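A.B. asks: If you scroll down you'll find the structure; I have some questions about it.
Every number here is computed from the coordinates shown, using simple stated rules; none is lab data. All values derive from a computational prediction rather than experimental measurement. Cβ coordinates were reconstructed from backbone atoms using ideal geometry, including for glycine residues, and neighbour counts include every protein chain displayed.
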Amino acid sequence: MYLIVLMAGSWFSEFWQAFCTKFAEAFKPGDIGEEISEGILQVQHYFEVGDVKLLITDAVIVTWIAVLAAVLVFSLMVGKPTIHPNKKQTLLWMIVEMIINAAMGFGMTKKEAEEVAPMILTFGIVITGCNSISFLKFAPPAKNIAFPVGCAVLAILYVIITSIRFIGLKGFWISLTTPLKAMLPFKLLDFVIKPTSLALRLFGNIFGSFVFMEFLSICIPIIVPGIVGLWFDLADGLLQAVVFSYLTMSYIGEIVEVGHEFKEHPEEFIKPKKKDTQEAKAAA
C-alpha cells in the first residue's frame, strides 16, 4: 500500500512539473508578429493532372467542410415530414417566413419572394458555416479574399438574372434609366460597386476578427479566447451572413420594384412628345 502511494505521489509530482512548464510556455509571448503572420498565410498545394497544375488552398478545403456541416445541421432541422411540425421545423419555417416577408418589403410579390428565398437562405447557410467554423480553430475561408469576391460575384449575377426573369429585359432597362437616362452610366457602375462592397465588407470583418482572435490566443491562451470567440467567431460570423443575404435581397428589390411600377403605370415612364407638350400648354 505504501509503495502504491509512493508511486502515485511520484507520478503526480512529475505531472505537476510538466503541467507548470507547459502552462508557462503557453503564456510566453515569443514573436507575436511572426506567429500571427503564420496564422494568416494560406496553406497551398498543387496537384498535377498531366501538364496542368491545380491549386488547392486551405480555404477550399475548409469551405467544403463548413458547407457539409451546415447542410447536415439544416437537414437534421428539416427531419422527416410530419403533420405537426416539431420545434426544429418550426424554427426553420420562421426563418423562411422572415426571408419571404423581408423580400416582399423590398417590393417583390409573394410568388417572387418565395422563389428568391431558397437562394438567399443558401447564401446565409454557406457564409454562416464558413465564418463560424473558426470557433473550432479552422481558418475561416473569408480571410482569403478569393472567397468573398467569389460570393459577391455570384450574388450580383444572381441579382441581374433574377431581376430580368421577374420583370423582363424592358423592365430591367427601365430600372437602369429611371428617373433619368443620364443615370445609366452610374447605374451600370453600381453593378461594380455593389459586389465590391459586399466582398470587402465580408473580408474586412472576418479577416479582422481572425487576426484579433489569433492575437488574443497568443497573449491569453486560456479561457478568454473561448469566451470572446462567442462573439467574434459565432455571432459576428452569423451577422455578416445576415448582412450579405439581406443586401443581396435588397438589390433585387430595387430593380424589381421599378419594373412593377412600369407594368402598372407605363404612362409615367413615357416622356411626352414635344408637340403634345406644346398643345397641352396652349390648351392651358
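A.B. asks: Taking R0 as 51 Å, what FRET efficiency do you get between Lys170 and Leu200 from their Cβ-Cβ distance, rounded to the nearest 0.05?
C.D. replies: Between Lys170 and Leu200 the formula returns 0.95.
A.B. asks: Please give the residues of region 226-258, grouped as numeric ranges, whose backbone N is less than 16 Å from a label point set 7 Å along the Cα-to-Cβ vector of Val192.
C.D. replies: Label zone hits: none.
A.B. asks: More than 19 angstrom separation, counting every C-alpha pair in region 131-262; what % is that?
C.D. replies: That fraction is 56 percent.
A.B. asks: Quick one: Tyr251, Tyr246, fewest Cβ neighbours within 10 Å first, how do they rank?
C.D. replies: The fewest-first ordering by Cβ neighbours comes to Tyr246, Tyr251.
A.B. asks: Separate question: Given points 7 Å out from each Cα along the Cα-Cβ axis, report the Thr90 to Cys219 separation in nanometres with one decimal.
C.D. replies: Roughly 4.5 nm, to one decimal.
A.B. asks: Another question, then. For region 55-125, what D do you get in µm² per second when you plug the Kirkwood radius from alpha-carbon pairs into Stokes-Einstein at 4 °C and 1.567 mPa s?
C.D. replies: 93
A.B. asks: Given R₀ = 51 Å, what would the calculated FRET efficiency be for Val228 paired with Thr82, taking r from the Cβ atoms and rounding to 0.05?
C.D. replies: Efficiency, from the Cβ-Cβ distance: 0.80.
A.B. asks: Okay, next question. Anything over 30 Å Cα to Cα? Flag those among Lys110/Lys194; Lys143/Lys170; Lys170/Lys194, in the order listed.
C.D. replies: Lys143/Lys170
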